[in-house]
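K.L.:
I'd like to ask some things about the structure below.
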Amino acid sequence: MDVATRVIMGSVKKAIQVSTAAAVVVEAIKGDATLVKDIADRRFKLSFGSDYGAVEVQLGNTRVLAKVSCEVIRPFSDKPTEGFLMFNTELSPMASAAFEVGRQTDEEVLVSRLIEKAMRRSRALDTEGLCIVAGEKVWSIRVDIHFLDHDGNLVDAACIAAITALQHFRRPDVTVVGEEVTIHSLEQRNPVPLSIHHIPICVTFAFFDNGEHVLVDPTHLEEQIKEGDMTITMNVHKEVCALSKAGGIPMEVDQILQCSKIATVKAAEITAQIEEALAADAKKR
C-alpha cells in the first residue's frame, strides 16, 4: 500500500469516526437532554510524582502533566511586594499529530489565555505572600503544562492540573536576617506550601442543535462537530472567576445561567476530588 492510499484511507476513517460521534449526539438529543450530559461523564484521575508540584491529570483519554518550579528574582518597581506566577503550555506531536514542534496553534493560544484568566486574573494565588524582601527579592512561580494525550477538552484538564500542582507544591523555607537572605534546603527545613485563595475550576460546554442542547466535557470527536462552545471558571463559593466564549452560535442569557448552575455543581465535585487526592498523597509522604 503506497503513501497516498494510506493518507486517503486515514481521511475516510476519520470522517467515519466524526459521523459516528455526530450520530450518537443527535440520538441523545432526540431522547433526553440529561443524557447529553451523561455522555461526557469521562473517567477523572489524579496522580502525583515523587517531587512536590508534579501532577498528572487524566480526563477520559486526555492526559496532562503539570510541573511547578520556583526561583528568586527581583520584583517590578511598581509592585515591590508582589511575586510572580507564570504559565507555560506545550502542545507537542506526542499529544496529537495535529500539533507541530515550534509552531503555536490557535488551540494552544486559547488554552494559554484561558489558564491565565482562570488563575492569575482571579488571583487564585497570593502573590504578595511570595515576597521575601520588598523591592529586592520575591519568589517567581512557574507552572509548565505538558499535554501528553489529546482526546478533547484540554482546557479543563490543564486547569485541574495547574491548580492541583500549585496546591501540591512546596517552596524552600527562607530566613531573613538584616540584609542577609538564607534559602534552606529540604534537608534543613520542611518546605512551605503556597498560599491559595481559592480553587478555580474550568468547565467547558459544547453546543448542538442551535444551542438547544449542551454537552459537558466534550471529547475530541465531539469538538469537531460542535456548533459552539463556552468555558465557565467557577469555585466552590459559586463565584464566576472567568467566562470565555470564542465564536460559535449566539447564546441567550437563560442558557448561560443554566450552564453556570451546571458549572457550580461540577466545580464542587472536582474540588472535592482534588482535596481528597491531595490528602491521600500527604499521608503517603
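The values are calculated or read from the model by the stated rules, or taken from the named source; none is laboratory data. Since we're looking at a predicted model, the values are computed, not measured. Cβ: placed from backbone, ideal geometry, glycine included. Neighbour counts: every protein chain shown. The area values use the complete protein model at the heavy-atom level, side chains included, leaving out ligands, DNA and RNA. Shrake-Rupley method; radii C 1.70, N 1.55, O 1.52, S 1.80 Å.
K.L.:
Given the options Gly129, Gly135, name the one that is in a loop (DSSP other than H, G, I, E, B) and over 30 Å from Glu223 (Cβ atoms). Show your work before the answer.
P.N.:
On the way: Gly129 fails: in a loop (DSSP other than H, G, I, E, B).
On inspection, the qualifying residue turns out to be Gly135.
K.L.:
A further question on this structure: Would you be able to tell me the number of residues in the stretch 134-150 that are open to solvent by less than 40 Å² (accessible area, probe 1.4 Å) and in contact with a strand residue (DSSP E or B) (Cβ under 9 Å, 6 or more places away or on another chain)? I'd like the intermediate steps shown before the answer.
P.N.:
Taking the stretch 134-150 first, the residues open to solvent by less than 40 Å² (accessible area, probe 1.4 Å) are 135, 138-141, 143-145, 147-148, 150.
Going one step further and asking which of them are in contact with a strand residue (DSSP E or B) (Cβ under 9 Å, 6 or more places away or on another chain), we end up with 138-141, 143-145, 147-148, 150.
Selection size over the stretch 134-150: 10.
K.L.:
Return the residues of the stretch 204-230 that are part of a loop (DSSP other than H, G, I, E, B), open to solvent by 20 Å² or more (accessible area, probe 1.4 Å) and closer than 24 Å to Glu269 by Cβ; say none if nothing qualifies.
P.N.:
Step one: of the stretch 204-230, the residues part of a loop (DSSP other than H, G, I, E, B) are 209-212, 217-219, 226-227.
With open to solvent by 20 Å² or more (accessible area, probe 1.4 Å) added as a condition, the list becomes 209-210, 212, 219, 226-227.
Thr219, Lys226 - these are the residues of the stretch 204-230 that are part of a loop (DSSP other than H, G, I, E, B), open to solvent by 20 Å² or more (accessible area, probe 1.4 Å) and closer than 24 Å to Glu269 by Cβ.
K.L.:
For the stretch 109-127, how many residues meet the condition of being under 14 Å from Val203 (Cα atoms) and either free of Cβ contacts under 8 Å to residues at least 40 places away in the same chain or of a type in the set (Gly, Ala, Ser) (or both)?
P.N.:
1
K.L.:
Which residue is surrounded by the fewest Cβ atoms within 10 Å (Cβ to Cβ), if the candidates are limited to the stretch 59-93 and must be over 24 Å from Val192 (Cβ atoms) and among the small types (Gly, Ala, Ser)? Reasoning before the result, please.
P.N.:
Residues of the stretch 59-93 that are over 24 Å from Val192 (Cβ atoms), as a first pass: 59-64, 77-78, 89-93.
Cutting the leftovers down to among the small types (Gly, Ala, Ser) gives us 60, 77, 92.
Values: Gly60: 19, Ser77: 7, Ser92: 14.
Here the answer is Ser77.
K.L.:
Looking only at the stretch 153-188, which residues are surrounded by fewer than 14 Cβ atoms within 10 Å (Cβ to Cβ) and not hydrophobic (A, V, I, L, M, F, W, C)? Write out each step before concluding.
P.N.:
We begin by selecting, within the stretch 153-188, every residue surrounded by fewer than 14 Cβ atoms within 10 Å (Cβ to Cβ); these are 175-180, 182, 185-188.
Those that are surrounded by fewer than 14 Cβ atoms within 10 Å (Cβ to Cβ) and not hydrophobic (A, V, I, L, M, F, W, C): Thr175, Gly178, Glu179, Glu180, Thr182, Ser185, Glu187, Gln188.
K.L.:
Between Thr233, Thr175, which is polar (S, T, N, Q) and touching a residue at least 12 places away in the same chain (Cβ under 8 Å)?
P.N.:
Thr233
K.L.:
Now for a different question. What tally of residues in the stretch 158-194 results from selecting those that are within 20 Å of Arg285 (Cα to Cα), outside any strand (DSSP E or B) and not hydrophobic (A, V, I, L, M, F, W, C)?
P.N.:
Within the stretch 158-194, residues that are within 20 Å of Arg285 (Cα to Cα), outside any strand (DSSP E or B) and not hydrophobic (A, V, I, L, M, F, W, C) number 12.
K.L.:
Moving on. Among the hydrophobic types (A, V, I, L, M, F, W, C), modelled with pLDDT of 90 or more and within 21 Å of the chain's Cα centre (by Cα): does that describe Phe99?
P.N.:
Values: among the hydrophobic types (A, V, I, L, M, F, W, C): yes; modelled with pLDDT of 90 or more: no; within 21 Å of the chain's Cα centre (by Cα): yes.
Criteria not met by Phe99.
K.L.:
Right, Thr233: in contact with a strand residue (DSSP E or B) (Cβ under 7 Å, 6 or more places away or on another chain), surrounded by 17 or more Cβ atoms within 10 Å (Cβ to Cβ) and within 12 Å of Thr204 (Cβ to Cβ) or not?
P.N.:
Spelling it out, Thr233 is indeed in contact with a strand residue (DSSP E or B) (Cβ under 7 Å, 6 or more places away or on another chain), surrounded by 17 or more Cβ atoms within 10 Å (Cβ to Cβ) and within 12 Å of Thr204 (Cβ to Cβ).
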